[in-house]
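Let me begin by presenting the structure, written as structure tokens, before commenting on it.
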Amino acid sequence: MATTKYIFVTGGVSSSLGKGIIAASLAKLLQARGYRVTIQKLDPYINVDPGTLNPYEHGECYVTDDGAETDLDLGHYERFLNVKTSQANNVTTGRIYQSVIEKERRGEFLGKTVQVIPHITNEIKERIQILGNTGDYDIVITEIGGTVGDIESLPYIESVRQLKWELGPYNTLFVHLTLIPYLSAAGELKTKPTQHSVKTLMESGIQADILVCRTEHELSEDLRAKLALFCNVEKNAVIQSIDASTIYDVPNLMLEEGLDRVALRKLQLDDTQEPNLVQWNQFLLRHKNPKGKVTIGLIGKYVELQDSYKSILESFIHAGASNELSVEVIPIHSEHIDAANIENELKGLDGILVAPGFGERGIEGKIEAVRYAREHNLPFLGVCLGMQMAVIEFARNILKLDGANSTEMDIHTTHPVIDLMEDQKHITNKGGTMRLGSWRCDLKQGSIVSKTYGEASIMERHRHRYEYNNAYRQQLEAAGLIATGTNPETGLVEIVEIPSHPWFVGVQYHPEYKSTVANPHPLFVGFVAAAYQHAKKQRQFVAS
Ligand code: GLN
């Protein structure tokens, strides 16, 4: 039986160096050479999953088909590889401890003292090997969150040190990502922080096999030689990762540097088949040579932090390339919009996306933005909370149901057009209890969505507690807000549209989680195309 090879990616010197992108790029290259690859993220924080984290903390919470609420790096993995991830691809310290403590309570440790070594480390090693043991992958890349030297990542580092010996020679590989800072006063790139970081890793018993060096300037041959000498790695295993204009350039940059080749050689895997990046490069070509432009307003309340809407922003890049258009996304804070300034805030946009979110803050601005899009025939896409806002706006302004709201925002509203499902009403735990993961949705024939998807039934990912209230469906539909997507088992409304509007779609699910480079999401592709039609019309109008 072929053994799975494990590549561990650690980070040093600084956080936010882009370990996820490096891991995804290496995986892409290995996949393009014919290997079956997946990526896993180990997160050292104590939350059981990032579902309970405010987006300001770690950015968006990414949701997989199996309903796992995960780190946003899993989004990069899926977007790069076009391979589904699952709960097994994201492990946190909280989950590790939860599982060890549950085992202890069941008496599984037979009276032993439960300790970090071996109990926590065993649990971590097991979790790392779950994906490899499925037999579905030749290579598993495991990204260890945080920075080496952090107290909380120590058990992970210790676990992979043990695994190296247990799995035997050529079955594991350590890639260490560091920063080579440029000191402008000295006019020099500095290697010392990297030397220290490699040393810190060695104190835990791990010798980096490959160094990936983030840098703003080219690394000279001398500097590479110096890094190799001081850090105990081969010179061709010193890989430069220079700032790129788009993350989608990184696989090609890593290919030029030979990252995949060095990795394969060190794992004693065949490197004769050159990577096939034809489709990837076609995407890049279209992305970099747009034939036109659209401007989309992203109405949200976490707009200060780009990572909060990561998957949405990436979906626009895929959809832009697919349409050969550049998509400029303008983040607009929903708390700063009101009826008085809306015209000023939103004028000149070719489309409006109202973003997902939780809680009351900023919702009146979102409702105003929906109204503007509806009244100005501006292409509109409402995602999750954005769809709920579209229903509320329609109920208030067309049906004249004063005070219509979601019971999430106003528990006593006289018109709960968005409400909790019965089976959600008794849930008190916040973590992992929403309607999560992949659900079926049947599309109404002739609707925008049925044309856009080109299918009668779809599967999309959800993450929400509140739902369209079917008690208002008849009234809403009679007045022109049509339910064009429903869940066949529960009858829940998943999509609303206004057929008299050029392109007005609200979806209760999150299409952004399923958009990849290889498969741009049809809804985003359709929305961008509609925005372009709108832009062209506007230009003709101005010209005439
Ligand atoms: N807060 C809303 C709900 O729980 C919407 C969630 C979201 O936008 N992801 O239903």
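Spot the failing condition for residue 339; the list is (1) within 16 Å of the ligand (Cβ to nearest atom); (2) in a loop (DSSP other than H, G, I, E, B), and only one is missed.
With (1) within 16 Å of the ligand (Cβ to nearest atom); (2) in a loop (DSSP other than H, G, I, E, B) applied to residue 339, the lone miss is (1).
Hey, can you tell me all the residues within region 369-422 that are among the β-branched types (Val, Ile, Thr) and either within 21 Å of residue 327 (Cβ to Cβ) or away from the ligand (no atom under 14 Å from the Cβ) (or both)?
Passing the criteria: 370, 383, 398, 413, 414.
Only one residue in 483, 479 is more than 16 Å from the ligand (Cβ to nearest atom) and touching a residue at least 40 places away in the same chain (Cβ under 8 Å). Which one?
On the way: 483 fails: touching a residue at least 40 places away in the same chain (Cβ under 8 Å).
The conditions single out 479.
I'd like to verify a number: residues in region 395-411 that are open to solvent by 40 Å² or more (accessible area, probe 1.4 Å), without any contact (Cβ under 8 Å) to a residue 60 or more places away in the chain and of a type in the set (A, V, I, L, M), how many?
Total meeting the criteria: 1.
In this structure, does residue 391 turn out to be part of a helix (DSSP H, G or I), out of contact with any Asp or Glu (no Cβ under 9 Å at 6 or more places or on another chain) and open to solvent by less than 20 Å² (accessible area, probe 1.4 Å)? Walk me through it before giving the result.
Working: part of a helix (DSSP H, G or I): yes; out of contact with any Asp or Glu (no Cβ under 9 Å at 6 or more places or on another chain): yes; open to solvent by less than 20 Å² (accessible area, probe 1.4 Å): yes.
Answer is yes for this residue.
Within the bounds of region 498-510, is there any residue that is open to solvent by less than 40 Å² (accessible area, probe 1.4 Å), over 25 Å from the mean Cα position of the chain (by Cα), within 16 Å of the ligand (Cβ to nearest atom) and closer than 21 Å to residue 385 by Cα?
No, the conditions are met nowhere in region 498-510.
Name every residue in region 62-82 that is hydrophobic (A, V, I, L, M, F, W, C) and either open to solvent by less than 10 Å² (accessible area, probe 1.4 Å) or over 8 Å from the mean Cα position of the chain (by Cα) (or both), in order of residue number. First the steps, then the outcome.
Of region 62-82, the ones hydrophobic (A, V, I, L, M, F, W, C) are 63, 68, 72, 74, 80-81.
Listed by number, the residues that qualify are 63, 68, 74, 80, 81.
Taking into account only those residues within region 348-382 that are surrounded by fewer than 24 Cβ atoms within 10 Å (Cβ to Cβ), modelled with pLDDT of 95 or more and of a type in the set (Lys, Arg), which is nearest to residue 405 (Cα to Cα)?
For region 348-382, the residue satisfying everything is 371.
Check 430, 366 and return the single one that is within 22 Å of the chain's Cα centre (by Cα), outside any strand (DSSP E or B), of a type in the set (D, E, K, R) and within 12 Å of the ligand (Cβ to nearest atom). It would help to see each step written out before you state the result.
Values: 366 fails: within 22 Å of the chain's Cα centre (by Cα).
One residue alone meets the criteria, 430.
Yes/no matrix, rows are residues, columns are (1) farther than 17 Å from residue 318 by Cβ; (2) small (Gly, Ala, Ser):
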site	(1), (2)
441	yes, no
448	yes, no
457	yes, yes
478	yes, yes
489	yes, no
512	no, no
519	no, no
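Output the number of the condition that residue 77 fails; it satisfies all remaining conditions of (1) closer than 23 Å to residue 248 by Cβ; (2) outside any helix (DSSP H, G or I).
(2)
For region 460-486, which residues satisfy the criterion of being under 25 Å from the mean Cα position of the chain (by Cα), open to solvent by less than 10 Å² (accessible area, probe 1.4 Å) and of a type outside the set (D, E, K, R)? Quick ask: steps written out before the conclusion?
First pass over region 460-486, keeping only residues under 25 Å from the mean Cα position of the chain (by Cα): 460-467, 485.
From what is left, the residues that are open to solvent by less than 10 Å² (accessible area, probe 1.4 Å) are 460-462, 464, 467, 485.
Passing the criteria: 462, 464, 485.
Yes or no: residue 41 surrounded by fewer than 24 Cβ atoms within 10 Å (Cβ to Cβ), in contact with an Asp or Glu (Cβ under 7 Å, 6 or more places away or on another chain) and either part of a helix (DSSP H, G or I) or of a type outside the set (Val, Ile, Thr) (or both)?
Working: surrounded by fewer than 24 Cβ atoms within 10 Å (Cβ to Cβ): no; in contact with an Asp or Glu (Cβ under 7 Å, 6 or more places away or on another chain): yes; either part of a helix (DSSP H, G or I) or of a type outside the set (Val, Ile, Thr) (or both): yes.
No; evaluated as a whole, the condition is false for this residue.
Find the residue count for region 320-331, including only residues that are closer than 22 Å to residue 370 by Cα and either within 14 Å of the chain's Cα centre (by Cα) or buried (at least 22 other Cβ atoms within 10 Å of the Cβ) (or both). Can you show your working first?
Let us first name the residues in region 320-331 that are closer than 22 Å to residue 370 by Cα, namely 327-331.
Still in the running and either within 14 Å of the chain's Cα centre (by Cα) or buried (at least 22 other Cβ atoms within 10 Å of the Cβ) (or both): 327.
Residues flagged as closer than 22 Å to residue 370 by Cα and either within 14 Å of the chain's Cα centre (by Cα) or buried (at least 22 other Cβ atoms within 10 Å of the Cβ) (or both) within region 320-331 amount to 1.
The values are calculated or read from the model by the stated rules, or taken from the named source; none is laboratory data. Computed from a prediction, not measured in an experiment: that's the story for all the values here. We place every Cβ from the backbone using ideal geometry, glycine too, and count neighbours over all the protein chains shown. Just so you know, the surface numbers come from the protein's heavy atoms only, side chains and all, with ligands and any DNA or RNA stripped out. Shrake-Rupley method; radii C 1.70, N 1.55, O 1.52, S 1.80 Å.
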